[in-house]
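Notes follow the structure.
The values are calculated or read from the model by the stated rules, or taken from the named source; none is laboratory data. Since the structure is predicted, the reported quantities are computational estimates derived from the model, not experimental observations. In this analysis, Cβ positions are derived from the backbone assuming ideal geometry, glycine residues included, and neighbour counts consider all displayed protein chains. To get the accessible areas, we keep the full protein, side chains included, count just its heavy atoms, and leave off ligands, DNA and RNA. Shrake-Rupley method; radii C 1.70, N 1.55, O 1.52, S 1.80 Å.
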Amino acid sequence: EIYRDEALEICHQNGSPTAEVFATAVKKWGRSSVEVEQAIIDSGERVTNGLRKYLRLLNGIATVSPLLGLLGTVTGMIEAFSKFNTGIPQDLAPGISQALVTTALGLCVAIPAVIAYLFFVSRVDQLIIQIDAHGQELVNSIAADGVPNPSPRKSSSERKKTKRSGERGAA
């Protein structure tokens with residue numbers, strides 16, 4: 001009970017997404033591994049949605065900004081072609097300029113937004129993988145039927161030494 005309360009306090013003080021998931025699991029301390037694991041899954045889904053909340057905004061910006069640039073391109077070209085019947089090349093320039101500027105501005109917004117989106121999606125995915133791995137360790141540690149951590153494996157050279165010393169002792 002002391003460990004549970006101390007662990008819960010540490011989770012609340014930390015406030016990270018991982019700590020939020022772990023706090024939910026710690027509240028199930030001593031229950032079956034299925035209950036603890038389900039608490040981690042449920043809390044993990046809520047935390048994941050929270051982490052991805054602003055990624056949707058970045059994705060929206062990356063999607064919409066080229067479309068706005070394209071809209072400017074179309075209106076600029078409409079303006080240029082509406083002046084086409086005058087036959088004076090200078091009359092075409094403002095519309096073509098508008099088309100190129102709006103296209104460039106749309107891409108200047110979209111390209112960094114896509115890069116940021118991909119970076120943050122990758123970071124969120126890495127964090128979720130870490131939370132999952134550590135969550136399984138937590139289940140094994142606090143569940144009533146948790147699996148104890150296996151003892152470290154001996155290397156092949158250590159096994160050979162043990163085998164040789166056992167053979168000598170038997171002789």
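Just a few scattered comments:
- Estimated FRET transfer efficiency (Ala144, Val64; beta-carbon r; R0 45 Å; 0.05): 0.30
- Whole-Hz ³J(HN,Hα) from phi, Karplus 6.51 cos²θ - 1.76 cosθ + 1.60, for segment 53-70, glycine and proline x: 4, 7, 5, 4, 5, 4, 5, x, 4, 5, 7, 7, 4, x, 5, 5, x, 5
- Whole-Å distance, taken between Cα centres, linking segment 1-42 and segment 45-85: 42 Å
- Taking each residue as 0.36 nm, the span from Ala93 to Ser122 lengthens on full extension beyond its C-alpha to C-alpha distance by 6.1 nm.
- One decimal place: the segment Asp5-Cys108 gains 32.0 nm when fully extended, by the rule 0.36 nm per residue minus the C-alpha distance.
- Label-zone membership for segment 45-62, site Ile115, 7 angstrom Cα→C-beta point, backbone N under 18 Å: 58-62
- Taking label points 7 Å from Cα along the Cα-to-Cβ direction, Asp42 and Phe84 give a separation of 6.4 nm.
- With every protein chain in place, segment 1-115: carbon and sulfur % of accessible area (1.4 Å): 67 percent
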